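To start, the structure itself, in structure tokens.
The values are calculated or read from the model by the stated rules, or taken from the named source; none is laboratory data. Every value quoted in this text rests on a predicted model; they were computed, and no experiment measured them. For neighbour counting, all protein chains shown are included, and Cβ atoms are generated from backbone atoms with ideal geometry for every residue, glycine included.
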Amino acid sequence: MGLREDIQNLGRRFAEAFTGRRAELLIGVPGRINLIGEHTDYNGFPVMPMAIERSVRLAVAARQDGRVELRNVERERYPDRRFRLSEDIPPYANGDWGNYFKAAAQSVVELAVGWGRQVGALRGVSCLVEGDIPPAAGLSSSTALVVAAGLAFCAANGLEMSRAALAERMAEAEHYVGTQGGGMDQAVCLLAHAGEALKVDFFPLDVQRIPFPADHCIVAAHSTVKAEKTGRRRPHYNRRVIECSLGAQLLARELGLAAPEAGGPDAAPRLADLVARTGRAPAQIVELLEHLLDGDEGLTLKRAAGLFDLEPGEFARRFLRMKDGSLLPMPGHGLRVLPRCRHVFGEAERTERAADCLRGGDLEEFGRLMNESHRSCAQHYEISVPELDELVLLMRQAGALGARLTGAGFGGFAIALAQEQRAGDVTLAVQKEFYAPRGLPTADNVFVFRPAEGAVLEELP
Ligand code: NG1
């Protein structure tokens, strides 16, 4: 069944959930896999994702008051939630599913106020929610929910903006849940087209559509390790954002681009700016950083502070502060600025090459780039886990052209690019070698994906 049929079915169930009322708007937002370009988005470098045939769906009725009433079809797992639109919406407990709605609501309220609307006059929504994107698996279930909620609040209040503008807004909005993510997921779930991958550039957002070969597909296999955005994974993700930002600021100072005293990570240059503003090749910039750090792969607090001519306390306050105001705990192995930058600059080049390969039909080379990407994610970015490494190896051995982890890492899914006629072999291999020995089914753990369409919206008469 397609996304449009799915939302229509949900619309029919709305009246049972909210006795007698009718849904006015149906929304479907897909999840995504990322083919290549991992942890590049927040550094200003491109990514290459595609939407998948798994989605979050909403049936929505606008309310006359500013209340938000949420009901999930999986009510036991996701209990009902109610809150009120206001200028400062307090979050639920960490990890609560309602926070993804609050993230969108907070951002839409700010937008509406900026456009001269009174908060008290804003309309809330009653929403019936369902979804089939595996959660905490790097397939972007949380972003699909934030974006779906953003579409619902904007529609209920007649706030019109382009999909690209909404994508940028919702990327910022999702920081409400505490992860300082980039803009990839919001862009792909709003701007994707069936049968195509996207090459997405950032700051400003720019999307190029690249046809995906009809005789190839993506096999995705769950590592069975949860990668919860608001749980264990959050500090690991944010630490990498900060490590990259430190690299960018050190290099910018060295290259005479900006004074790091100008502010913390928010105001700071990104790694991509160093290439764009100096015209230097990424490899040259990595060399410069190696030289600056004397090859030191894990900076102590004292060493890092010294590089910025600061006392450790002052350095931590200026550079290690996360968006929620707390300070990044100093990792035992130090700040791994050099390996993180090695990954990001290498991945940026691989992503550009991969886009050319996809355009030119060189899928073998594309697969090799995926393999290199996985190696770099594991070695330099340290975001793989043994289960993901095992899966990518199995998939390559079974005839995939290339395989890698997808999304933020620390668990979640591995993906493989395969010719259509080899997809069965790849699936069988992971079933026999990975899931069967663990006593797990392949259903809901292994999927075959082809690029799906982006978000759909249907107004009901
Ligand atoms: P997932 O895997 O959906 O959590 C996260 C970020 C992306 C990007 C990737 C790594 C969010 C919402 N998404 O994706 O922006 O940085 O990691 O490439 O934080």
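Once region 172-227 is narrowed to residues that are among the aliphatic types (A, V, I, L, M), within 15 Å of the ligand (Cβ to nearest atom) and in a loop (DSSP other than H, G, I, E, B), the residue that is farthest from residue 141 (Cα to Cα) is 205.
Taken as a whole, the structure places residue 241 among residues that are among the hydrophobic types (A, V, I, L, M, F, W, C), outside the structural domain of residue 138 (by TED's automatic domain parsing) and either crowded, with 22+ Cβ neighbours inside 10 Å or within 10 Å of the ligand (Cβ to nearest atom) (or both).
Look at residue 435 and say whether it is in contact (Cβ under 8 Å) with a residue 24 or more places away in the chain and either assigned to a loop (DSSP other than H, G, I, E, B) or not polar (S, T, N, Q) (or both). Full working, then the answer.
On the way: in contact (Cβ under 8 Å) with a residue 24 or more places away in the chain: no; either assigned to a loop (DSSP other than H, G, I, E, B) or not polar (S, T, N, Q) (or both): yes.
When the stated conditions are applied, residue 435 does not pass them.
If residue 110 satisfies all but one of (1) away from the ligand (no atom under 16 Å from the Cβ); (2) farther than 30 Å from residue 4 by Cα; (3) at pLDDT below 95, what's the number of the condition it fails? Single failed check for residue 110: (3). Screening region 336-354 for residues that are among the small types (Gly, Ala, Ser) and surrounded by fewer than 22 Cβ atoms within 10 Å (Cβ to Cβ) and picking the one that is nearest to residue 45 (Cα to Cα) gives 348.
Restricting attention to region 23-38, which residues are of a type in the set (Gly, Ala, Ser) and within 11 Å of the ligand (Cβ to nearest atom)? Please lay out each step first, then the result.
Within region 23-38, the first condition is being of a type in the set (Gly, Ala, Ser), and the residues that meet it are 23, 28, 31, 37.
Once the filter is applied, which keeps residues that are of a type in the set (Gly, Ala, Ser) and within 11 Å of the ligand (Cβ to nearest atom), region 23-38 yields 31, 37.
Look through 272, 192, 258 and report the one residue that is at pLDDT below 95 and over 30 Å from residue 432 (Cα atoms). Talk me through it step by step, then tell me what you get.
Working: 272 fails: at pLDDT below 95; 192 fails: at pLDDT below 95.
Answer to the selection: 258.
In region 173-187, the residues that are closer than 19 Å to residue 151 by Cβ form Cβ pairs under 6 Å with partners that are more than 6 Å from the ligand (Cβ to nearest atom) and among the aromatic types (Phe, Trp, Tyr), at six or more places apart or across chains, as follows: 183/202. Kindly indicate the residue of region 1-13 that is in contact (Cβ under 8 Å) with a residue 24 or more places away in the chain and among the charged types (D, E, K, R) and also nearest to the ligand (Cβ to nearest atom) among those meeting that condition. Ranking the qualifying residues of region 1-13, first place goes to 6.
For region 122-133, taking the residues that are hydrophobic (A, V, I, L, M, F, W, C) and away from the ligand (no atom under 14 Å from the Cβ), the one that is farthest from residue 55 (Cα to Cα) is identified as 122.
Could you list, in sequence order, the residues of region 14-39 that are in contact (Cβ under 8 Å) with a residue 12 or more places away in the chain and more than 29 Å from residue 448 (Cα to Cα)? Passing the criteria: 14, 17, 18, 21, 22, 23, 24, 25.
Which residue out of 136, 164, 144, 152 is near the ligand (Cβ under 10 Å from one of its atoms), in a helix (DSSP H, G or I) and either free of Cβ contacts under 8 Å to residues at least 60 places away in the same chain or under 24 Å from residue 74 (Cβ atoms) (or both)?
Numbers: 136 fails: in a helix (DSSP H, G or I); 164 fails: near the ligand (Cβ under 10 Å from one of its atoms); 152 fails: near the ligand (Cβ under 10 Å from one of its atoms).
Only one candidate passes the filter, namely 144.
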